[in-house]
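The values are calculated or read from the model by the stated rules, or taken from the named source; none is laboratory data. None of these values were measured; they are calculated from a predicted model. Neighbour counts are summed over all protein chains in view; Cβ atoms, including those assigned to glycine, are modelled from backbone coordinates with ideal geometry. Accessible surface areas use protein heavy atoms only, side chains included; no ligands, DNA or RNA. Shrake-Rupley method; radii C 1.70, N 1.55, O 1.52, S 1.80 Å.
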Amino acid sequence: MIFKYNVCVVLVVVLSIWANIEGRSVSKFLTEETVGTKWAVLVAGSNGWFNYRHQADVCHAYQILKKGGLKDENIIVFMYDDIANNTMNPRPGVIINNPHGQDVYKGVPKDYVGEDVNAENFFNVILANKSGITGGSGKVLNSAPNDHIFIYYTDHGGPGIISMPTGLVYANDLINVLKKKHASGTYSKLVFYLEACESGSMFDGLLPEGLNIYVTTASNPNESSWGTYCQMGAGGPCLVECPPPEFKGVCLGDLYSVAWMEDSDAEDRQTETLNDQYNTVANRTAANLTYGSHVMQYGDTVLSVDVLFQYMGAASVNHSLVSMNSESSSQNVDQRDVELFYLTSKYQDAPEGSDEHFETRVKLIKTIAERSQVDNSVKHIGDLLFGVEKGIEVLQHVRPAGQPLVDNWDCLKSYIETFEVHCGKLSSYGKKHIRGIANICNAGIESEQMASAIAQACSS
């Protein structure tokens, strides 16, 4: 009789718990109850007015996490901080990430700004190596074994690299840092969202399973990512939805980034899973592949069943920011062309005969010439090393999915450094040629040969 009574009591308790979590699975309930602290690292790796969108993306991401209940002490922000109070900003002290114009800059922590936004600080923050930090707030990822980490990085990129205001983050170095973080036993699960051209190349063939890391990227290893909410000056067409008219020539956001953030604003993060969001973002980002990209997944994709709440917290649903129809045929702007887009818009909008019209025309001509020069220099190097008939073929070769960009990362780093010494720094446009330099390494070209070809190609 006592046994039957105890069973009845247990059944009543279980039913009571079930009633209190109606609409949620038991596994989800248990996960929410046992998760530790939620941490986030947000990185905008660019500077300059025409790169407005990257800092706008990061500020918006901060607002999502803050409203979701994450504390400032657990959110670490990297951004150059030269946009909100830029003399070009038509709304001083304000940054928007959406044509509806809500300020996302207010309250954002200034953990690492200016020259403190660099690869060394980024890596040391992840590894909680406070002694390795230079400048900034000194805030690091002091996470514990049960904690969840969300990393969001938005910037220019290229094959095997993502940019910082100065310097590069190489894929192999990033993967090694993530492996060290896992080995330290200081997190339970980690989610990484990456917006950059060729962003898939940062993980493809490099990130192993078993680290409890789930990654999505804005593009596959071989394609650009895209800016969005852009408008050409002088009454030109809107690309996607029109930004406010005073923001001519800049993109307010990036397509993949806006897609995941507007989805996070509009959906219930206590029920939507990472996989749900991946599918929504992938559909929107690839709605028109003439002006879009393939969103990718890497790492432990089994984590995609987790609900967004576990990483981003929860907040009241904001239906005013519902994403645009994913079937829209609207255009966006290739990230590599955003500077050209900005200068063209500014040139068209400037009064004819004015100093601004003349100065912008000079900058535009210079930018186009520099793009042509780097294209010709890399082609010339390929011709010298492999012959005119095979040079382009070797430089443009794309390895099969699942293979890393390059076998010898030290070779790639050394050859990029040599190229930049003789041919000039690789711009956001020029970084697309890193694949060609990687293929030169993969072909076994010796450093003396490479140095000679670079010197010859860039002295002519």
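Observations on the structure shown:
- Ser293 within 29 Å of Lys180 (Cα to Cα) and either surrounded by fewer than 18 Cβ atoms within 10 Å (Cβ to Cβ) or modelled with pLDDT of 90 or more (or both): no
- Within the stretch 48-62, the residues that satisfy the criterion of being surrounded by 24 or more Cβ atoms within 10 Å (Cβ to Cβ) and in contact (Cβ under 8 Å) with a residue 60 or more places away in the chain are Asn51, Tyr52, Arg53, His54, Ala56, Asp57, Val58, His60, Ala61.
- Checked against the criterion of being touching a Phe, Trp or Tyr at 6+ places or on another chain (Cβ under 7 Å) and crowded, with 21+ Cβ neighbours inside 10 Å, the candidates Pro221, Pro243 yield just one match: Pro243.
- Filter pass, Gly68 being closer than 23 Å to Pro244 by Cβ, surrounded by fewer than 20 Cβ atoms within 10 Å (Cβ to Cβ) and either modelled with pLDDT of 95 or more or hydrophobic (A, V, I, L, M, F, W, C) (or both): no
- Selected residue [charged (D, E, K, R), surrounded by fewer than 23 Cβ atoms within 10 Å (Cβ to Cβ), assigned to a helix (DSSP H, G or I) and without any contact (Cβ under 8 Å) to a residue 40 or more places away in the chain] from Glu73, Glu115, Glu120: Glu120
- Subset of the stretch 350-400 (residues that are open to solvent by 100 Å² or more (accessible area, probe 1.4 Å) and among the polar types (S, T, N, Q)): Gln373, Gln396
- Elements of type strands (runs of 3 or more DSSP E) in the stretch 128-183, at least 3 residues being touching a Cys at 6+ places or on another chain (Cβ under 8 Å) and open to solvent by less than 10 Å² (accessible area, probe 1.4 Å): none
- Taking first residues from the stretch 212-234 that are part of a strand (DSSP E or B) and at pLDDT below 90 and partners that are open to solvent by 30 Å² or more (accessible area, probe 1.4 Å) and not β-branched (Val, Ile, Thr), the Cβ contacts under 6 Å between residues at least 6 apart in sequence or on separate chains come to Gln231/Cys238; Gln231/Cys242; Gln231/Lys248.
- Taking each residue of the stretch 407-427 that is hydroxyl-bearing (Ser, Thr, Tyr) and looking for partners that are outside any loop (DSSP other than H, G, I, E, B) with beta-carbon atoms closer than 6 Å, six or more apart or interchain, yields Tyr415/Ile437; Tyr415/Met450; Thr418/Ala451; Thr418/Ile454.
- Filter pass, Pro208 being within 15 Å of the chain's Cα centre (by Cα), farther than 30 Å from Lys346 by Cα and part of a loop (DSSP other than H, G, I, E, B): no
- Residues that are open to solvent by 10 Å² or more (accessible area, probe 1.4 Å), more than 18 Å from Met312 (Cα to Cα) and at pLDDT 95 or above, drawn from the stretch 91-109: Arg91, Pro92, Gly93, Val94, Asp103, Tyr105, Lys106
- Search result, residues across the stretch 401-460 that are surrounded by fewer than 19 Cβ atoms within 10 Å (Cβ to Cβ), in contact with a His (Cβ under 8 Å, 6 or more places away or on another chain) and assigned to a loop (DSSP other than H, G, I, E, B): Ser460
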